[in-house]
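For reference, the structure discussed in these notes is given below.
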Amino acid sequence: MSVMREELHHLVDCLPEEKVAPLLRLVRDQFDERPVVRDLPFIGMLEAEPDFAERSEEILRSEDNHSL
């Protein structure tokens, strides 16, 4: 293994975990093969009182205010 590769390995090993994903994307972009990425929609189920659908806009408005 070359000195540059050894240094690269060492530097990658020293990176904090949150910086690994962006670096991995950068390295993967150097190859012609693109990984298959599936952007699947979120599908969920909710159990609530019968008037939940009628109050949904009110509930969403109150949730928007909590995120501020």
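Bear in mind that the values in this text are calculations on the coordinates, not laboratory data. All of these numbers come straight from a predicted model, not from anything done at the bench.
If I ask for residues that are among the aromatic types (Phe, Trp, Tyr) and in a loop (DSSP other than H, G, I, E, B), which ones from segment 1-59 would you list? Across segment 1-59, the qualifying residues are Phe31, Phe42.
Scanning segment 29-59 for residues that are basic (Lys, Arg) and more than 17 Å from the chain's Cα centre (by Cα) turns up Arg34, Arg55.
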